[in-house]
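Read through the structure below, which is laid out as structure tokens, and then see the notes.
The values are calculated or read from the model by the stated rules, or taken from the named source; none is laboratory data. As the structure is a prediction and not an experimental result, all values here were calculated from the model. We place every Cβ from the backbone using ideal geometry, glycine too, and count neighbours over all the protein chains shown.
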Amino acid sequence: MPGPMQIATYPDDPPPRWNYPVLALGNFDGLHRGHMKIIDRVRQRAGERGGTPAAMIFDPHPPRVLRPDKAPALLMTGEQRIEALRRSGMQGLAVVRFTRELSLWDPETFVRTVLVDWLHVSEVWVGANFLFGHNRAGTFTVLRSLGSRYGFRAEKIDPVRYKDFVVSSTRVRRLISEGRVDEAAALLGHHYFVDGTIVRGAGRGRRLGVPTANLVTTNDLVPPAGVYATLATVDGIVLPAVTNIGLRPTFGDVPGPVIETHVLDTERDLYDRTVRLLFVQRLRDERQFADADALRAQIDADIRSARRLFGSISL
């Protein structure tokens with residue numbers, strides 16, 4: 001596992017004294033294949049120069065401050081993003097507290113105040129579409145000319161393409177919101193996941209002979225109603241599972257989507273445990289059944305489908 005990552009927050013913390021900081025600058029929601037191309041280059045450059053590979057992110061996500069009604073549901077919680085950046089080998093993380101006031105800074109004020117005076121960057125690497133500063137006036141050309149003025153190198157990484165389109169957080173969000181979790185995984189480079197705690201449900205699954213664990217999550221983005229082949233990670237152990245997301249139309253007793261997971265082949269008690277649920281593939285739409293027997297027969301069929309899938313991908 002990578003070593004500890006030092007986190008510094010602007011403007012609360014004193015300048016972190018990182019040696020020759022090589023900075024990946026972006027939002028990094030989801031840490032998809034395009035983000036990893038930037039991260040890998042930053043690690044490589046820092047290694048060559050004996051520097052510190054670091055990332056800079058904005059918190060909260062800028063759209064939440066500037067246009068909260070239109071802000072997208074994020075692929076990761078703040079904690080998940082920090083964990084993913086640490087696992088990617090970043091030794092430093094600069095978190096810029098994003099405010100309406102900061103959004104009014106022109107690109108030069110941001111570069112001089114945060115990148116130069118506070119962070120003392122040596123190199124800054126961005127994705128092709130990264131824009132910053134008031135009215136998003138800070139293009140890569142602006143960043144590069146400010147770099148030559150203030151004495152740091154600015155470089156950009158071309159987008160990563162998958163099949164015939166560019167990998168982006170926006171595209172991944174759309175795929176997940178359409179239930180296309182297997183395609184989302186191809187762009188992310190990992191399965192989409194949500195973290196949560198298992199709580200007791202109404203116990204209907206147990207009465208059907210298929211005990212389910214109800215997951216309460218803080219993640220923004222939950223795939224749409226339906227049945228999914230999933231992997232449940234508990235205490236570092238990965239367990240194959242079938243997950244139903246839905247409003248339980250038969251019972252109509254819940255205000256929001258319920259995430260019910262049946263873990264295959266385990267007797268372990270999951271209540272009050274923390275679980276990471278990875279979405280592998282959508283199996284079918286949610287639908288109503290005439291009675292419990294019909295529902296039970298369908299659940300058995302779902303479990304068989306999931307087992308075939310897990311057999312083919314060999315966990």
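Applying a threshold of 8 Å to beta carbon distances and a minimum spacing of six or more residues, or different chains, the list of pairs starting in the stretch 257-283 at a residue that is crowded, with 19+ Cβ neighbours inside 10 Å and ending at one that is polar (S, T, N, Q) and not in a strand (DSSP E or B) reads E260/T212; T261/T212; H262/T212; L283/S305. Among the residues of this structure, S177 counts as one that is in contact with a Pro (Cβ under 8 Å, 6 or more places away or on another chain), surrounded by fewer than 18 Cβ atoms within 10 Å (Cβ to Cβ) and not acidic (D, E).
Criterion applied to A46, A54 was being at pLDDT 95 or above and touching a Ser or Thr at 6+ places or on another chain (Cβ under 8 Å), and the one residue passing it is A46.
Condition check ((1) closer than 29 Å to G47 by Cα; (2) assigned to a helix (DSSP H, G or I); (3) outside the structural domain of P224 (by TED's automatic domain parsing); (4) free of Cβ contacts under 8 Å to residues at least 24 places away in the same chain) across all residues:
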site: F110; (1), (2), (3), (4): yes, yes, yes, no
site: L115; (1), (2), (3), (4): yes, yes, yes, no
site: V121; (1), (2), (3), (4): yes, no, yes, no
site: W125; (1), (2), (3), (4): yes, no, yes, no
site: V142; (1), (2), (3), (4): yes, yes, yes, no
site: S145; (1), (2), (3), (4): yes, yes, yes, yes
site: R173; (1), (2), (3), (4): no, yes, yes, no
site: G179; (1), (2), (3), (4): no, no, yes, no
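Applying the set (1) over 21 Å from V234 (Cα atoms); (2) aromatic (F, W, Y); (3) within 31 Å of the chain's Cα centre (by Cα) to F289 leaves exactly one unmet item: (3). Might you check whether a residue that is in contact (Cβ under 8 Å) with a residue 12 or more places away in the chain, of a type in the set (S, T, Y) and more than 24 Å from H190 (Cβ to Cβ) occurs anywhere in the stretch 65-82? Taking every residue of the stretch 65-82 in turn, none turns out to be in contact (Cβ under 8 Å) with a residue 12 or more places away in the chain, of a type in the set (S, T, Y) and more than 24 Å from H190 (Cβ to Cβ). Considering the stretch 27-53 alone, what residues qualify as being in contact (Cβ under 8 Å) with a residue 40 or more places away in the chain and on the phi > 0 side of the Ramachandran plot? Within the stretch 27-53, F28, G30, L31 meet the criteria.
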